[in-house]
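First up is the structure itself, then whatever we jot down about it.
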Amino acid sequence: MASTARPKLKTAFKKARVIAPLHTEGPVAVTHDGTKLFTCVGEEALMTDVKEGKEICRFAGDTEPITALCITPSSTHLLVFTSSLALRIYEIPPLNTPLSRPVHPLRVVARAHDAPVHVCKADPTSTYLASGSADGVVKVWNILRGYVTHVFKGHGGVVSALAFNYPFDPSAVNRETKMQLVTASVDTRIRIFDLSAAAAKTGAAPKPEAVLEGHVSVPRGLDVSQDGKWLVSGGRDSVVLVWDISAKQSAAQKTKSSKGKGKEAAFSPSLTKTIPVLERVEAVGLLRPDEDLAGAPSEAGKLRFYTGGEKGVVRIWDAREGVVLFTLGHEQDEVMEDQEEQRQIMDSIYIPATSTIISIHADQNILFHSLSSQSLTRQVIGFNDEIVDTTFLSPYLPPQAGPSSSQLTDTHVALATNSSLIRVYSASSLDARLLSGHSEIVLCLDQGAGGRVLASGSKDRSARIWAPVRQSGDAGASASVPEWGCVALCEGHAESVGAIAMSRRADVDSPGGKLRFMFTGSQDRTIKMWDLSNVPLAYCRPSNNEDGDEEGTERVVKCKSLTTHKAHDKDINSLDVAPNDRFVASGSQDRMAKVWEIDYIISGGAVRGEVRLLGTCKGHKRGVWCVRFGRAERVLATGSGDKTVRLWSLDDFTCLKTFEGHTNSVLRVDFINAGMQMVSSASDGLVKLWNVKDEECAATMDNHEDKVWALAISRDESTIVSGAADSVVTFWKDCTEEQEIEKETQRVDMVQKEQDFMNYLALHDYRNAISLALAMDQPGRLLSLFRNIQSSTSTASSPEPSHSGHPAVDTVLRTLAAGDLARLLRYIRMWNATAKTSGVAQRVLHALVKLRPAGDIVRAFSEDGVPDVSVGVSEGDGSFSLNITPKGAERGATALKDWVEAVIPYTERHLARMERLLQDSYVVDHLLGEMDDGMFDDVDSNVDGANASIMTPMDVDRAVEAGV
């Protein structure tokens with residue numbers, strides 16, 4: 001009988017991708033091409049690549065919240081105002097490579113205003129910055145030089161909106177076009193200021209060219225057309241005003257303009273249209289005249305604008321007709337009072353290059369709407385709050401693949417957070433969708449039919465089944481996130497639904513692979529079994545036709561409960577259905593896990609279901625948070641609040657193994673690798689990989705700072721997703737093969753280097769031998785090399801004097817690179833700590849001090865090669881002095897200081913030991929002289945030379961033989 005090879009154990013997972021908080025509060029900015037998104041996370045600004053979904057860099061803040069933010073149209077500088085009233089100017093990195101260090105500002109203006117700044121805007125030439133503060137002062141700044149060019153006062157309160165008017169036509173002959181600044185404040189007035197050089201030279205306080213009155217509430221949005229003729233303003237009075245600001249002067253007006261007041265009459269904007277919007281407007285902007293709008297007429301001279309406000313949708317308007325052309329987004333009919341403020345639009349950004357409008361909502365969601373297709377192309381969720389549960393989804397079924405086919409791929413991830421909305425993310429980007437339907441927080445998730453449907457349980461005491469919207473095109477278009485809708489509702493529990501589990505296989509006998517059943521567990525301590533045989537696998541969007549077509553109307557199936565059992569004495573935390581759909585396990589706060597047998601029968605169109613208790617797993621000292629069936633063996637894994645994972649036998653319900661290693665409650669556990677390994681997550685913020693056979697932890701994954709509530713494993717077991725209470729989702733990628741290949745490559749390389757090292761020694765090629773020993777990071781081989789050189793030179797006479805013992809070694813030490821020199825100095829510090837090897841260390845150190853200047857040693861420890869540490873030795877007493885200058889290379893200075901402080905004490909100890917040995921040798925000589933009692937005095941008198949008083953053992957022997 002042929003035996004199948006067991007899979008190899010996984011040993012390593014690497015952090016492949018992270019979904020972290022992207023936008024918590026504050027303003028948002030986007031580059032002109034729509035590829036870079038600038039958001040606020042705490043006190044820092046964050047730049048994200050929208051397409052790749054990765055963080056590029058962070059801009060260092062001043063520990064105060066950001067109140068206003070904008071970027072220049074050239075996308076070269078980021079301008080930030082904070083609550084400390086400071087203006088911070090940053091240079092935007094041009095590359096898309098992620099930076100590990102925060103970007104620091106080029107210039108900081110400590111007190112730019114006397115009150116907080118809430119709006120700022122850069123001019124079309126990226127030269128000037130306008131900022132409006134809460135005290136009604138507007139300042140215009142030169143961005144590169146950081147000084148104020150204009151100061152405008154007179155606003156009746158907080159400045160609420162700003163806009164530049166700079167019509168520029170490159171083909172025009174006369175290019176002397178003046179620049180204007182349009183401002184709005186809470187006094188409901190709109191002011192237009194002249195920024196030309198002639199206006200700035202006048203000594204009088206600058207006054208507005210015109211003051212526009214028409215709003216009865218604060219204007220929140222301003223925009224000027226490209227030709228400078230039209231101005232649109234929208235406010236919280238639920239209207240949009242269209243102004244004609246083109247300055248048409250007649251000959252008589254030109255004559256009057258030189259007489260003082262005639263100049264003001266020459267520029268008189270007029271209100272041409274008042275458009276009721278019927279919602280508070282928070283953002284308004286004009287579209288380009290050549291904008292391609294699907295379904296809208298494209299006659300020449302059309303003036304179109306967009307609005308965003310309290311209802312959370314973007315509307316496109318025809319300014320001349322005052323009608324809505326189309327709406328971007330879905331306006332919900334039934335909205336809870338607490339959700340009303342969350343979904344409103346706080347700001348909108350128009351990107352002409354991509355024909356996109358970006359809407360920023362109060363719930364930290366950022367939506368990208370396409371004007372050409374009139375659809376939502378991307379949704380970025382800024383903040384997820386506490387991650388409660390997660391599961392993989394495969395909404396697109398490949399052709400000719402069944403629900404249990406291996407061709408299914410996990411293309412999306414569903415997240416349950418501290419919210420009533422379910423997040424569905426793309427597994428490869430930041431694109432996401434929100435599923436609304438529950439009225440309270442969603443507590444648990446599960447997937448069925450191979451990931452084509454999603455089940456959720458909530459605090460609203462109900463469970464829902466979700467399915468993707470039926471696609472008419474290519475079913476494999478998994479690049480984006482599909483829309484999902486609720487297809488079934490399960491109601492009947494008396495308390496929150498905290499556990500849910502769907503059948504693991506679809507009914508293969510029925511066409512299309514229908515769903516079978518689902519279990520829910522609640523705080524009411526009961527388990528319910530639901531019939532899902534009538535639940536569709538796709539969601540049909542409601543039809544707007546008046547005939548009430550059944551194909552298009554929204555139909556939510558009310559599921560029937562097949563059975564209800566009081567299963568535990570406390571809250572039920574987890575449920576799991578066996579891979580063969582024959583058993584269901586439940587875990588509870590009563591410290592027990594129970595296994596139930598499932599009876600599911602379909603006869604004559606009637607469905608009958610029942611469960612009966614098979615056994616109870618007792619042994620945990622705290623509540624059971626998770627239960628999981630083995631995929632290949634008859635075992636059950638449980639994770640508990642007693643910090644352990646236990647493995648139970650399904651034959652006699654005894655504990656087979658106990659896994660200890662977590663320092664807090666184990667919240668999730670699952671099997672991988674054909675049941676040979678397990679993955680667990682706990683309240684200590686760690687994810688651990690266990691080998692079942694030897695009960696050892698094979699790997700620990702650490703990227704969370706709080707409880708890891710959510711854990712999911714992909715179908716091919718190559719990716720693990722963990723979500724925690726710190727609102728961070730981490731994708732862990734299996735890198736076992738990569739690690740093994742890397743280890744094998746390193747082993748082969750090390751064998752080759754060792755052979756080369758031996759060859760260099762045999763050829764007396766000390767330069768290459770020393771360099772190779774340093775590259776291999778093997779201080780033992782290097783110590784043997786220096787020791788052998790010393791022993792060989794002590795027995796053989798060397799005609800050339802050498803500090804290290806060999807002239808070739810001196811040459812190598814004299815030309816060592818900075819990195820190798822620093823490594824050799826660290827070896828010397830290690831050798832110097834032992835008396836046995838201190839002689840070699842002192843000899844090599846002596847050679848380095850003689851052969852290399854002090855600056856080389858300093859630069860060897862400095863990260864950037866700049867000498868920021870001075871070393872000196874006093875000629876008088878030989879004392880050593882170390883002076884560290886406070887110049888920002890702390891790493892090199894600290895390393896050199898630590899090295900010196902470690903070498904000096906051992907050197908002094910070795911010197912004291914040698915002095916004691918010398919003194920002891922004098923004592924021995926004295927004792928020998930006293931012990932002979934003068935018997936060698938005559939021999940001493942016959943010895944010639946200056947050393948007559950010194951007797952050697954050979955002299956004593958000759959004297960004895962002579963009979964003295």
Identify the single condition in (1) hydrophobic (A, V, I, L, M, F, W, C); (2) farther than 24 Å from Tyr425 by Cβ; (3) without any contact (Cβ under 8 Å) to a residue 40 or more places away in the chain that Leu9 does not satisfy, given that it satisfies every other one.
-> (3)
Could you list all residues from the stretch 565-574 that are surrounded by 15 or more Cβ atoms within 10 Å (Cβ to Cβ) and either part of a strand (DSSP E or B) or of a type outside the set (Gly, Ala, Ser) (or both)?
-> His565, His568, Asp571, Ile572, Asn573, Ser574
Output yes when any residue across the stretch 8-29 is outside any loop (DSSP other than H, G, I, E, B) and among the polar types (S, T, N, Q), and no when none is.
-> no
Is it fair to say Ala427 is modelled with pLDDT under 90, of a type in the set (A, V, I, L, M) and surrounded by 21 or more Cβ atoms within 10 Å (Cβ to Cβ)?
-> no
Being modelled with pLDDT under 85 and surrounded by 21 or more Cβ atoms within 10 Å (Cβ to Cβ), is that true of even one residue in the stretch 382-395?
-> yes
For residues that are at pLDDT below 80 and not basic (Lys, Arg), scanning just the stretch 486-520, find the one that is surrounded by the most Cβ atoms within 10 Å (Cβ to Cβ).
-> Ala506
The stretch 209-224: number of residues that are closer than 15 Å to Asp194 by Cα and outside any strand (DSSP E or B) | 1
Go through (1) touching a residue at least 24 places away in the same chain (Cβ under 8 Å); (2) in a loop (DSSP other than H, G, I, E, B); (3) within 29 Å of the chain's Cα centre (by Cα) one by one and return the number of the condition Gly639 breaks.
-> (2)
Among the listed residues Ser133, Ser74, Ser83, Ser126, which satisfies the condition of being in contact (Cβ under 8 Å) with a residue 12 or more places away in the chain, surrounded by fewer than 19 Cβ atoms within 10 Å (Cβ to Cβ) and over 29 Å from Arg378 (Cα atoms)?
-> Ser83
In the stretch 30-42, which residues are part of a loop (DSSP other than H, G, I, E, B) and polar (S, T, N, Q)?
-> Thr31, Thr35
The correct count of residues that are at pLDDT 85 or above, touching an Asp or Glu at 6+ places or on another chain (Cβ under 7 Å) and outside any strand (DSSP E or B) in the stretch 521-544 is 3
Quick one: would you say Ala674 is in contact with a Phe, Trp or Tyr (Cβ under 8 Å, 6 or more places away or on another chain), surrounded by fewer than 22 Cβ atoms within 10 Å (Cβ to Cβ) and not basic (Lys, Arg)?
-> no
Keeping to the stretch 426-452, report how many residues are in a strand (DSSP E or B) and not charged (D, E, K, R).
-> 10
Within the stretch 237-247, is there a residue that is at pLDDT below 85 and closer than 27 Å to Pro206 by Cα?
-> yes
If you go through the stretch 754-790 one residue at a time, how many are within 20 Å of Ala817 (Cα to Cα) and not in a loop (DSSP other than H, G, I, E, B)?
-> 19
Determine if the stretch 296-310 includes at least one residue that is assigned to a loop (DSSP other than H, G, I, E, B) and at pLDDT 90 or above.
-> no
Matching residues in the stretch 43-79 - criterion: being of a type outside the set (Lys, Arg), within 13 Å of the chain's Cα centre (by Cα) and in a strand (DSSP E or B) = Leu46, Met47, Thr48, Asp49, Glu55, Ile56, Cys57
Only listed residue being at pLDDT below 95, more than 30 Å from the chain's Cα centre (by Cα) and farther than 25 Å from Arg504 by Cα, chosen from Asp706, Asp694, Asp651 = Asp694
Hits in the stretch 44-68 (condition: of a type outside the set (Asp, Glu), over 15 Å from Val103 (Cβ atoms) and either touching a residue at least 24 places away in the same chain (Cβ under 8 Å) or buried (at least 17 other Cβ atoms within 10 Å of the Cβ) (or both)) | Val50, Lys51, Gly53, Lys54, Pro65, Thr67, Ala68
From Val103, Val119, residue being under 29 Å from Gly156 (Cβ atoms) and either basic (Lys, Arg) or out of contact with any helix residue (DSSP H, G or I) (no Cβ under 8 Å at 6 or more places or on another chain) (or both) | Val119
Members of the stretch 613-658 that are of a type in the set (A, V, I, L, M, F, W, C), in contact with an Asp or Glu (Cβ under 6 Å, 6 or more places away or on another chain) and surrounded by 17 or more Cβ atoms within 10 Å (Cβ to Cβ) | Val627, Phe629
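The values are calculated or read from the model by the stated rules, or taken from the named source; none is laboratory data. Here the structure is a predicted model, which is why all the values come from computation and not from measurement. Cβ atoms come from the backbone with ideal geometry, glycine included; neighbour counts cover every protein chain shown.
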